[in-house]
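Only one structure is covered here, and it is reproduced in the block below.
The values are calculated or read from the model by the stated rules, or taken from the named source; none is laboratory data. Please read all numbers here as calculations on a predicted model, not as lab measurements. Virtual Cβ from ideal backbone geometry, glycine too; neighbours counted across all protein chains shown. Ligands, DNA and RNA are excluded from the accessible area calculation, which covers all protein heavy atoms including side chains. Shrake-Rupley method; radii C 1.70, N 1.55, O 1.52, S 1.80 Å.
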Amino acid sequence: AQRVTQPEKLLSVFKGAPVELKCNYSYSGSPELFWYVQYSRQRLQLLLRHISRESIKGFTADLNKGETSFHLKKPFAQEEDSAMYYCALHNNAGNMLTFGGGTRLMVKP
Amino acid sequence: ETGVTQSPTHLIKTRGQQVTLRCSSQSGHNTVSWYQQALGQGPQFIFQYYREEENGRGNFPPRFSGLQFPNYSSELNVNALELDDSALYLCASSPTSTHSGNTIYFGEGSWLTVV
């Protein structure tokens, strides 16, 4: 069975501070991992995916298969980064996303 | 290009009743998935429809059922509503079902309250 765990429900940082949102997964196959973000009063949207190895809005995430982690990082948080962040795993059949419980990021001025 | 649209946005039902939620997929997308998001939790996969056939199902009882139409729009039906069915129901569409590299687009959801 696949599982995604986000240990922090809430993460509060000051503007300009580094941010790391933790995500751990368990999956027997080759995982494909994503970060989704939901800003206030907006729909859930894709932030980034591990296969792209891209940086979006200053965020990066590296898949660590040894530690089964996919932590989301940003060196300098901005107030507009305040949102709900969900880590998600796509099964190999490609038809199901398993989400973590989400972490609310609050960036204080 | 239109986005994923869902209706209704909010509704209240009584325990034991039945509900139908509707979703129009993004233009050009033939795959629709439904997720349930309870308050304070992440979305949970209910099922996926691809070319009008169910293509995967999560851990939900048979009283959760769905349909996909030739235009790729979809319905989620829930029978014998229970209080725990109160949640945000999200519809998501993607170009194909099995190419996991495709981006999945979510609708804004339908808030269901069961009293």
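Observations on the structure shown:
- Filter result for A:LEU11 (among the aliphatic types (A, V, I, L, M) and more than 18 Å from B:PRO43 (Cβ to Cβ)): yes
- Residue within the range B:71-81 that is open to solvent by less than 20 Å² (accessible area, probe 1.4 Å) and within 11 Å of chain A (Cβ to nearest Cβ) present: no
- Of the strands (runs of 3 or more DSSP E) lying entirely inside the range B:25-74, those containing at least 3 residues that are out of contact with any helix residue (DSSP H, G or I) (no Cβ under 7 Å at 6 or more places or on another chain), closer than 21 Å to A:ASN91 by Cα and of a type in the set (D, E, K, R) are B:53-57.
- Figure legend. Inter-residue proximity from the range B:59-78: first residues over 14 Å from B:PHE45 (Cβ atoms) and touching a residue at least 12 places away in the same chain (Cβ under 8 Å), second residues open to solvent by 10 Å² or more (accessible area, probe 1.4 Å) and part of a loop (DSSP other than H, G, I, E, B), beta-carbon distance below 6 Å, spacing 6+ or different chains. Indicated pairs: B:ARG63/B:ASN79; B:ARG63/B:ALA80; B:GLN68/B:GLU52; B:TYR72/B:SER25; B:TYR72/B:ASN30.
- Any pair with Cβ under 7 angstrom, 6 or more apart, that starts in the range A:20-42 at a residue that is farther than 17 Å from A:ILE56 by Cα and ends at one that is open to solvent by 10 Å² or more (accessible area, probe 1.4 Å) and basic (Lys, Arg): A:TYR25/A:ARG3; A:SER26/A:ARG3
- Among the residues of the range A:1-11, those identified as modelled with pLDDT of 95 or more and loosely packed, with under 13 Cβ neighbours inside 10 Å are A:PRO7, A:LYS9, A:LEU10.
- Restricting attention to the range A:17-31, the residues that are over 11 Å from the mean Cα position of the chain (by Cα), under 17 Å from A:LEU89 (Cα atoms) and open to solvent by 60 Å² or more (accessible area, probe 1.4 Å) total 2.
- Of all residues in the range A:43-60 being exposed (fewer than 13 other Cβ atoms within 10 Å of the Cβ) and free of Cβ contacts under 8 Å to residues at least 12 places away in the same chain, the one that is nearest to B:ILE104 (Cα to Cα): A:SER52
- Filtered residues of the range B:10-24 (kept if part of a strand (DSSP E or B) and open to solvent by 70 Å² or more (accessible area, probe 1.4 Å)): B:HIS10, B:ILE12, B:ARG22
- Residues in the range A:22-75 that are small (Gly, Ala, Ser) and closer than 18 Å to B:GLY42 by Cα: 3 in all.
- Exactly one residue out of A:PHE34, A:PHE14 is in contact with a Lys or Arg (Cβ under 8 Å, 6 or more places away or on another chain) and open to solvent by 40 Å² or more (accessible area, probe 1.4 Å): that is A:PHE14.
- Of the residues making up the range B:75-103, those that are within 16 Å of the chain's Cα centre (by Cα), modelled with pLDDT of 90 or more and not in a loop (DSSP other than H, G, I, E, B) are B:GLU75, B:LEU76, B:ASN77, B:VAL78, B:ASP85, B:ALA87, B:LEU88, B:TYR89, B:LEU90, B:CYS91, B:ALA92, B:SER93.
- Entry remark, the range A:61-70: residues being open to solvent by 30 Å² or more (accessible area, probe 1.4 Å), under 22 Å from A:LYS9 (Cα atoms) and of a type outside the set (Asp, Glu) number 3 in total.
- The residue that is surrounded by the fewest Cβ atoms within 10 Å (Cβ to Cβ), counting only those in the range B:25-57 that are touching a strand residue (DSSP E or B) at 6+ places or on another chain (Cβ under 7 Å) and among the hydroxyl-bearing types (Ser, Thr, Tyr), is B:TYR50.
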